Structures are given as structure tokens and as C-alpha cells.
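The values are calculated or read from the model by the stated rules, or taken from the named source; none is laboratory data. Owing to the predicted nature of the structure, the values given are computational and were not obtained by experimental measurement. Positions of Cβ are backbone-derived with ideal geometry, glycine not excepted, and every protein chain shown enters the neighbour counts. For accessibility, only protein heavy atoms count, side chains too; no ligands or nucleic acids. Shrake-Rupley method; radii C 1.70, N 1.55, O 1.52, S 1.80 Å.
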Amino acid sequence: MSAVSNFLERVPQPVFLGLAAVGALFLGSKLYSYLQLVLSAFVLSGTSLSKYGKPGSWVVITGASDGLGKEFAFQLAAKRFNLVLVSRTHSKLVSLAAEIEEKNAGKGVQVKTLAMDFNENNDADYERLRELVRGLDVAILLNNVGRSHDMPVPFLETPTEELEGIIKVNCIGTLKTTQVIAPILQERKRGLILTMGSTAGWAPTPLLATYGGSKSFLLHWNSALAAELSDYNVDCYLVLSHLVTTAMSKIRRPSLNIPSAKNFVRVALGKIGLGSFVNASSTYVPWWPHAFMIWAVEQIPGVTSPIVIGINKRMHIDIRKRALRKRERDAKKA
């Protein structure tokens, strides 16, 4: 202890004060970031949807017939937005449109549908979408369409069709859809683009390398797009989430850390833009347990640290083992 005291006494006062100032700034920045996290999670409300369009304006939702896309459709219709629902299965879209119109009878909510398979990457489909939205006052684009692996899988064992399909749906489909819809928002000089993200794209995730890579691409693409479209008063945000009870996650029972689609969407629409504590710009984390986890990882070990990657690897190896055992049991029953 005396050696430390002697050393500190020999340090020139300007150097000592400089180091103290650096330390204070570092601690202050951490406390300020934590305060932003707490306020965003429990106190502040996000940007109101009325900034982007009044009731009767249109929202385009991709991947709309199931999971989060379907729930976004229900909740946005309840707020009296008209909907353009885009998904693969025509019958599901027709059924969903009828259900939405029935639930919102008397509100004047209109629903248009377009059946298209993003995995096909067919230019004619995007032209049909362009024609469908022509003349509509589109206020919001929700890039929700997505595809993941059937189960966690080593990259070298990933089937070619699965690998290519993930990239075509998650990346090419999102980009092409945005190129169709964003010019409308740009011309009207206000609007919102929400793109669904994933923690698999925020932190490297072994055994989900292709899916995670596609979501990482969207994270960086969204930040760049947000900067470009800010000149036209168009907001772009990546909605970052961990697990939610959807068909893609294959989790049915909600918990504190795994919300239902209904609860997640409700919070996502209420917390738009509250992401100043996240390292990635134009990104927000609506579900508060996810937000605290993400903040802690970014502030302590770091997103790309070997510790985080190792935890992700062990977790997904375990998920893969359980999925393979289930497949074996199902095969014996067949």
C-alpha cells in the first residue's frame, strides 16, 4: 500500500489530474448510458405514429401472414391505418384481411394483399407491388419478412438451398421492397421504415452463421439508409430483439425474457426511436429485458468478445442436439 502511495506522490500533478479527468469522463459516460437505458425502458415513450401519417394512411408489411408481421397488422389496423399485406400464401392473406376488416368494422380500415414468395426473387413480383401501392399515401414500411435455419447448423453443413434462401429473403427481399416503397416516403417528405433485426446479427452466433450474417448486414444497411433518408424527414430504425414466441423461434411459452408476439409488438410501436444507449445508430431494443442484456454485453465484455461468442456457440450446440433428438423421435413415430 505504501509503495502505491509513494508512486502516486511522484506522479506530476498535471498528469494525475489528467488521468483523473479521463477516468471521470469514462465513468460518467457509462452512467449516462445507463440512465438512457433506464429512461427508455421504463419512463419515456417513443415517437408517435402520428408523426408519419394520419389515420387512413397506409402501412406496407412484409411477411404479414404469421408471427410478428400478423400481430403488427392487427395492432396497426386498430390504430386505423390501412394495410398492404405481403406474404407467400394467398389463402392466409385472404383470411387475415377478412379478420382484420371484421375486427375493425366501422373504422373504415382498408386492406390490400399481395401473395409473393421472396425466396423466388422474381422481379415481376416487385413490379406488382409497385402497381399495388401506386397512388396510395404510404406512411410506414415494415420490413418483417425473414427466414432462418431449420435448426442451428454448422456453416459447412448448411444446405445450399437454405443458405441461398436466407440471403434472398432477408437481404435481397428487404432491399428490393425498400426500393419500391421508400421513394413514396421520400416524395411525401415524411415516413417511417422499421426493419426487424435479431441479436444473432448483433453478436456473432456460431451455428447460425448465415442467418446472423444476413441480419448483421441489415443492421449496417439500416444505419446507412437512415442517414441518407434523414434529409427527407424519413426515419429508419432497426428493431433489435432476442427471442420472441413465434414460429421462427419455435418457442411457444412466453416468459419475462421471451415475450409473446402481441406484447413485443405493442412495446415496439410504443418505443420507436428510443435506442440512444445502443452502440449501433438508428437501432432500438423495445423489450426491456433484451435491452438490459444488450447494454450489459456492449458495456462489459463487448459484442465480439470470445466470451460472448463462446456462450452463443455452446447455447446453439445444445439447441441443435435437442432438435436432432426430437427429429429422431418423430421419425420413429412415423
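Whole-percent P(r), the range 187-242, all Cα pairs, 5 Å bins from 0: 5, 22, 25, 18, 13, 9, 6, 2, 0.
Here the chain is treated as a sphere whose radius is the Kirkwood value from Cα pairs; by Stokes-Einstein at 37 °C and 0.692 mPa s it diffuses with a coefficient of 151 µm²/s.
In this structure, the amide hydrogen of residue 191, modeled 1.01 Å from its nitrogen in the peptide plane, lies closer than 5 angstrom to those of 235, counting only residues at least 5 positions away or on a different chain. Please work out how much accessible surface residue 44 shows to a 1.4 Å probe, ignoring ligands, DNA and RNA, in Å² rounded to 10. Surface open to solvent at residue 44 totals about 80 Å². Counting only heavy atoms of the protein chains and using a 1.4 Å probe, residue 202 has close to 40 Å² of accessible surface.
In terms of the Cα gyration tensor, with a ≥ b ≥ c the square roots of its eigenvalues, is the range 86-237 rounded because a/c is under 1.5, prolate because a/b exceeds b/c, or oblate? Oblate, because a/c is 1.5 or more while a/b does not exceed b/c.
Taking every full run of DSSP H in the chain, the ones that stretch at least 30 Å from end to end by Cα along their long axis and average 0.5 or higher on the Kyte-Doolittle scale are 13-42. Solvent-accessible surface of the chain, taken per residue with a 1.4 Å probe and all protein chains present: 51 Å².
Distance from the Cα centroid of the range 65-105 to that of the range 174-231 is 22 Å (rounded to whole angstrom).
When nucleic acids and ligands are ignored and a 1.4 Å probe is applied, residue 81 ends up with an accessible area of around 10 Å².
In the chain, which longest range has no trypsin sites (Lys or Arg not before Pro) that are both DSSP loop (not H, G, I, E or B) and surrounded by at most 10 other Cβ atoms within 10 Å?
1-133
Among 223, 95, 282, the largest mean-square fluctuation in a Gaussian network model of the chain (Cα springs under 10 Å) belongs to 95. Surface composition of the chain: carbon and sulfur atoms hold 58% of the protein heavy-atom accessible area at a 1.4 Å probe. Mind scanning 250/313; 168/321; 70/103 and naming the pairs with a C-alpha gap bigger than 24 Å? Result: 168/321 exceed 24 Å. Mean residue ellipticity at 222 nm, helices only, the chain: -17000 deg cm²/dmol; runs of at least 4 DSSP H residues each add -39,500 (n - 2.57), and the sum is divided by the number of residues. Given in Å, the Rg to one decimal and the Dmax to the nearest whole number for the Cα atoms of the range 81-162 are 16.3, 54.
Per residue, the convex hull spanned by the Cα atoms of the range 171-292 amounts to 111 cubic angstrom. Across the range 283-334, Cα-Cα pairs more than 19 Å apart make up 51 percent of the total. Protein-only accessible surface at a 1.4 angstrom probe places the residues 90, 316 in the order 90, 316, largest first.
Given +1 at the Cβ of Lys and Arg, -1 at the Cβ of Asp and Glu and no other charges, the dipole of the range 187-334 around its Cα centre is 1200 debye to the nearest 20.
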